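Q: Before I ask anything, here is the structure I am working with.
Since every read-out is calculated from the coordinates, none of them should be taken as a lab result. Keep in mind the model is a prediction, meaning the values are calculated, not measured. Heads up, the Cβs are rebuilt from the backbone with ideal geometry, glycines too, and the neighbour counts pull from every protein chain shown.
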Amino acid sequence: MLLSRKFFALFFALTVTIAGTGQSVAAEPDAARQKELVRLVRQDCGSCHGMTLQGGLGPALLPATLKDKPAEGLAATIYYGRPGTPMPPWKQFVSEAEASWIVDKLMTEFPH
Amino acid sequence: MRIFLTFLLSLLLTACAGPQLKGTGDLGLVIERATGRITLVNTSSQTAYARIDGLGDLSHASAVYSRDGRYAFIFGRDGGLTKIDLLEAKIVKRIIQSGNAIGGSISQDGRIVVAQNYTPGGIKAFDAETLELLSEVPAEYAPGKFSKVVGLADVPGNKFAYALFEGGEIWVTDFSNPKQPKTQRYPAGLQPYDGLVTPDGRHYLAGLFGEDGVALLDLWQPEKGARKILENYGRGQEKLPVFKMPHLRGWSVAQGKAYLPAIGRHEVLVVDVATWKEVGRIAVRGQPVFVMARPDGRQVWVNFAFPDNGKMDVIDTLAGKVVHAFEPGKGILHMEFAPRGENVWLSARDDNKVVIHNTTTFAKQAEIAADSPSGIFFTSRAVRIGF
């Protein structure tokens, strides 16, 4: 578990590094899938984080609250969950690339 | 002719001017979570009779009623507290009382409305007439540490019981003197996620997320402290992921037993409320969210967390098993029984409608259009302890 998490973090660190050079590595989900993901985040993540993402039992997911957190760690939290807290793993429903797309949108401006 | 016309006109005016008398026992409301709107409904005609906009962020909103069932107090996620007149179908007063709220409750005497807040963590008491702030109790469980408050329930004696998610405690606050509340604290367990008071107002239960078990406080003998029931119900097995927190209320008590959602198991746990021992568990088709008894206690209806939130299972309490399993709509978020239980209203968020099913035949009787409906609250809650 720990190992796979580290590997995942490394993978994302690499992704971010490469993306930082101006190339996009993870393919963006297509428009229809983006719509599904937005709905998933607002409705289902929203049951703990709030439909407007201002927080509830789970913390707020607004750009201001996320700005100091590393994107790869956030994507890993979505994908693997966070043991010891109510945050479950969402890997049955989103791919790693989709998790990082969600994080990217959350950190900038999340669509409606 | 002119006299006749005047006569007709006066008849018409009388008809208009005379107040149309109406009771409130068969009224209710549906939260439309995405649009900040509520729909007012009549459970006899099974129709919507008014819509009221401008209530802010209503995701996870809930409502309680004044004793006469005329006024609803709606607690919004954004800390909004709105008082609605169901007869005149209008907002009486609206305030923003906190940054992030999760629900509320109303006192035994109907004079105090209490909101439970996540940010800042604690509870606040308001005058039910004016919504003027009376007092507040910050959930400061350790110096400088504040907890989110969950499971707020009114209990006899103008008291309120609630639990602290981070604090791991049950608190009971006495508002006999509304401006100087007195609070007692009881250690409960890891991460209480919601709570309930039994319909007789005697026992307060806090469901625990961080461990297998439920904390139980006997409000008749609070000095004995909270004790753990259903300990180790998961038997050390790895939990299934929980994609939505279950909800607890006194509705889960039927026929001398409490039907409680397991955490991380696709089961409903059955507890004898005389001995508080587990007497059974019933396999269901997902992580239970609402486990609600029909008012006569013969049936218990169960809905589920994502991704099983299109399903519903109906338990027959005599047979002790699921007797009807169906898919009444997409995204079933909440249910409410007609006051005596002949039908049940289900909000199907992703179908944008409320569907009404007969609880004997299970057949669909009617539906009401609503934009992303979530909570459904009928005025019959006004007379129940812990609602």
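Q: If I model a spin label as a point 7 Å beyond the Cα along the Cα-Cβ vector, how far apart are those points for B:Ala142 and B:Tyr49 in nm?
A: 5.3
Q: Which of the aspartates and glutamates could a cross-linker span from B:Lys239 if the Cα-Cα distance has to be under 17 Å and same-chain partners fewer than 8 positions apart are dropped?
A: B:Lys239 reaches B:Glu211, B:Asp212, B:Glu231, B:Glu267, B:Asp308.
Q: While we're on this one: Please report the Cα spread of chain B along all three principal axes, rounded to whole Å, starting with the longest.
A: So the three principal-axis extents are 89, 51, 34 Å.
Q: Taking N as the number of residues in the range B:120-168, what is its alpha-carbon radius of gyration divided by 2.2 N^0.38 Å?
A: Computed over Cα atoms of the range B:120-168, the ratio equals 1.23.
Q: Using only Cα atoms and rounding to the nearest 10 degrees, what angle (0 to 90) does helix B:2-17 make with the longest principal axis of chain B?
A: 10
Q: How many percent of all Cα-Cα pairs in the range B:294-387 sit more than 17 Å apart?
A: 49
Q: Right, another one. Return, ordered by residue number, the residues of the range B:192-210 whose backbone nitrogen is under 20 Å from a label point located 7 Å along Cα→Cβ of B:Arg227.
A: B:196-208
Q: Where in the range B:51-66 is the amide nitrogen less than 19 Å from a point lying 7 Å along the Cα-to-Cβ axis of B:Ala369?
A: Within reach of a label on B:Ala369: B:51-54.
Q: What translational diffusion coefficient, in µm²/s and rounded to a whole number, does the Stokes-Einstein relation yield for the range B:58-152 at 37 °C and a viscosity of 0.692 mPa s, taking the hydrodynamic radius as the Kirkwood radius over Cα pairs?
A: 248
Q: OK, next. Could I have the simple spin-label model distance between B:Asp85 and B:Trp220, label points 7 Å from Cα toward Cβ, reported in nm to one decimal?
A: 4.3
Q: Ok, one more. Quick one: work out Rg over Rh on the C-alpha atoms of the protein assembly as shown, Rh as Kirkwood radius.
A: 1.00
Q: Also: Starting from the Cα of B:Gln184, move 7 Å in the Cα-to-Cβ direction to define the label point; list residues of the range B:219-247 whose amide nitrogen is under 19 Å from there.
A: B:219-229
Q: Give the lysines whose C-alpha is closer than 23 Å to that of B:Lys124, dropping any in the same chain fewer than 8 places away, or say none.
A: Filter leaves B:Lys83, B:Lys93, B:Lys145, B:Lys148, B:Lys159, B:Lys179, B:Lys182.
Q: Based on the Cβ-Cβ distance from A:Ser95 to A:Lys67, what FRET efficiency comes out when R0 is 25 Å, to the nearest 0.05?
A: Efficiency computed from Cβ-Cβ geometry: 0.50.
Q: Using the per-residue mean of other Cβ atoms lying within 10 Å as a proxy for protection, in what order, highest first, do the peptides A:45-54, B:146-155, B:309-318 fall?
A: B:146-155, A:45-54, B:309-318
Q: May I ask you to derive the relative contact order of chain B, considering only C-alpha pairs under 8 Å and at least 6 residues apart, and to give it as an integer percent?
A: 12
Q: How well do other chains shield peptide A:83-90, expressed as the mean number of their Cβ atoms within 10 Å of each residue Cβ?
A: 4
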